[in-house]
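Just below is one structure, and these are the notes that go with it.
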Amino acid sequence: MPASLPSAPRSAARWAASLVSTAVGLTGAALVRLVDADTALRLIHGTCALAHRIFELDVRLRDDNPGGYRRGSYVFIVLNQTSLLETFLLPWLAPVPYRIIVNIEYALMPIFGWSSVPLGARVIIRQWPAQAKRAIRRAIADLRRGDSYIISIEGRRSPDGALQPYKKGAVVMAIEAEATIVPVILRGARERLPFGAWRVQPGPVEVHLLPAIDTRGLTYDDRDALVARLRTLASTALRDARTDSP
């Protein structure tokens, strides 16, 4: 039986506690990252885990890559976005230090946006196409140097939980850098916090890292087929999850 929805005062208190702890944790991680990326990643993981406890989320990681991850060049491509809770899930899933790509509006957001830049984010100004292209080229150069990225292939949250149109940018980045793609599926986040809601219902959430995809030998002409492959993976994984639900 699902847990009951917390009262408005209790929910507000939980959000306040999570934002304070996140501000402290991410600020500390941003400072530490200047000298030690691995320690910074552990701080980020701990900050997210504390938020999970505050909201009473049972977050589980399912990883289909038992061989582990060597340092760098991975593109963790999130195949479905449905909930604001992913703010506390996506940083937690990374097994290696990572960067993200954010738009200028996000970068200006208190706490999450402000900390993203010193944590290595590449900022895109969509209203300035030339700048956006330069930022993407820098991200590809990062990957070629051995950095990793977490990127949403949809680019925004789905209001109803259905898959949104897939963008090609993340796939093109991975192909050009010959980086390994790790597809990511999130299950349960929307049930805990639907689009437009603010009270978090306690319960289970699963972060699923699907088998990695080697892009070596692929070219720009393979981008559409790879995007289609990722969408099929997402549709299958989400359909199987619905079938397995009691």
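Any read-out appearing in this document is the output of simple, stated calculations on the displayed coordinates, not a laboratory observation. From a predicted model like this one, the values you see are computed outputs, not experimental measurements. Cβ coordinates were reconstructed from backbone atoms using ideal geometry, including for glycine residues, and neighbour counts include every protein chain displayed.
Of the residues TYR166, TYR106, the one with the fewest other Cβ atoms within 10 Å heads the list, and the complete ranking is TYR106, TYR166.
The range 184-198 to the range 67-118: how many Å between their Cα centroids? Taking the Cα centre of the range 67-118 as reference, the centre of the range 184-198 is 17 Å away. Amide H to amide H distances under 5 Å link ASP58 with GLY203, VAL205, where only residues 5 or more positions off or on other chains count and H is placed in the peptide plane.
With a cut-off of 10 Å between beta carbons, the residues surrounding LEU186 carry a summed charge of 0, where Lys and Arg count +1 and Asp and Glu -1. Taking 0.36 nm per residue of separation and subtracting the Cα-Cα distance, full extension of the segment from GLU178 to SER158 would add 4.3 nm.
What the phi angles of the range 196-204 give under the Karplus curve with 6.51, -1.76 and 1.60, with θ = phi - 60°, is a coupling list of x, 8, 10, 8, 8, 8, x, x, x Hz, glycine and proline written as x. Relative contact order of the chain, taken over Cα pairs closer than 8 Å and 6 or more residues apart, is 27 percent. Obtain the nm distance between the two label points defined at TRP128 and SER7 by a simple spin-label model: each point lies 7 Å from its Cα along the Cα-to-C-beta direction. Label-label distance for TRP128 and SER7, simple model: 4.9 nm.
Residues with beta-carbon under 13 Å from that of GLY203, excluding GLY203: net charge, scoring Lys, Arg +1 and Asp, Glu -1?
Summing Lys and Arg as +1 and Asp and Glu as -1 gives +1.
Between VAL24 and ARG239, the FRET efficiency from the beta-carbon distance, with R0 = 51 Å, is close to 0.80.
Counting charges near SER11 (Lys, Arg +1; Asp, Glu -1) among other residues having Cβ under 14 Å from its Cβ returns a value of +3. Counting only DSSP beta bridges whose two residues both lie in the chain, roughly 20 percent are antiparallel. Specify which residue in the list GLY68, THR82, THR47 is farthest towards the positive end of the charge dipole of the range 47-105, using unit charges on the beta carbon of Lys, Arg (+1) and Asp, Glu (-1), about the Cα centre. Of the candidates, GLY68 comes out farthest on the positive side. Sequence-ordered 3J(HN,Hα) estimates for the range 171-185 from the Karplus curve with 6.51, -1.76 and 1.60 and θ = phi - 60° stand at 5, 4, 4, 5, 5, 5, 8, 6, 8, 7, 8, 10, x, 10, 10 Hz, glycine and proline given as x.
Computed from phi, the 3J(HN,Hα) profile of the range 80-88 under the Karplus parametrisation 6.51, -1.76, 1.60 (θ = phi - 60°) reads 8, 10, 9, 8, 5, 4, 4, 4, 9 Hz, with x in place of Gly and Pro.
For ASP224 and PHE195, the FRET efficiency from 1/(1 + (r/R0)^6), where r spans their Cβ atoms and R0 equals 25 Å, is about 0.30.
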